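*Asks:* Right, I'll just put the structure down here and ask away after.
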Amino acid sequence: MYEYKFIEVPLKKGFKVKSGDTFEDCKSVINKESKNGWRLKQVIIPANENTGFAAPGVAAPYCYQIIFEKEINS
């Protein structure tokens, strides 16, 4: 049996943000959690369907969701 952990890393926004800055934060989270015994399961980029400024039917990403798993010793 496995236990799962979900960590949300918000997308960085602004004029000084470089391409890849948010993913660097994701890599830091992955390295930190792996040292605590968590195994990376998946990284997804969910879309915010209620952006308020996009055309109808257009979804914009707002974060990375990082999913980890750890085996539970029974």
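The values are calculated or read from the model by the stated rules, or taken from the named source; none is laboratory data. What you are looking at is a predicted structure, and each value in this text was computed from that prediction instead of being measured. Every residue, glycine among them, receives a Cβ derived from its backbone with ideal geometry; neighbour counts consider all protein chains shown.
*Asks:* For the condition assigned to a loop (DSSP other than H, G, I, E, B) and either touching a Phe, Trp or Tyr at 6+ places or on another chain (Cβ under 7 Å) or modelled with pLDDT of 85 or more (or both), what is the one hit in Gly52, Gly37?
*Replies:* Gly37
*Asks:* Failed condition for Lys13, given (1) modelled with pLDDT under 95; (2) surrounded by 13 or more Cβ atoms within 10 Å (Cβ to Cβ); (3) of a type outside the set (Phe, Trp, Tyr), with all others met?
*Replies:* (2)
*Asks:* In addition: Within the group Tyr4, Tyr64, which residue is modelled with pLDDT under 95, outside any helix (DSSP H, G or I) and touching a strand residue (DSSP E or B) at 6+ places or on another chain (Cβ under 8 Å)? Lay out the reasoning, then the answer.
*Replies:* Numbers: Tyr4 fails: modelled with pLDDT under 95.
Within the list Tyr4, Tyr64, the selection yields Tyr64.
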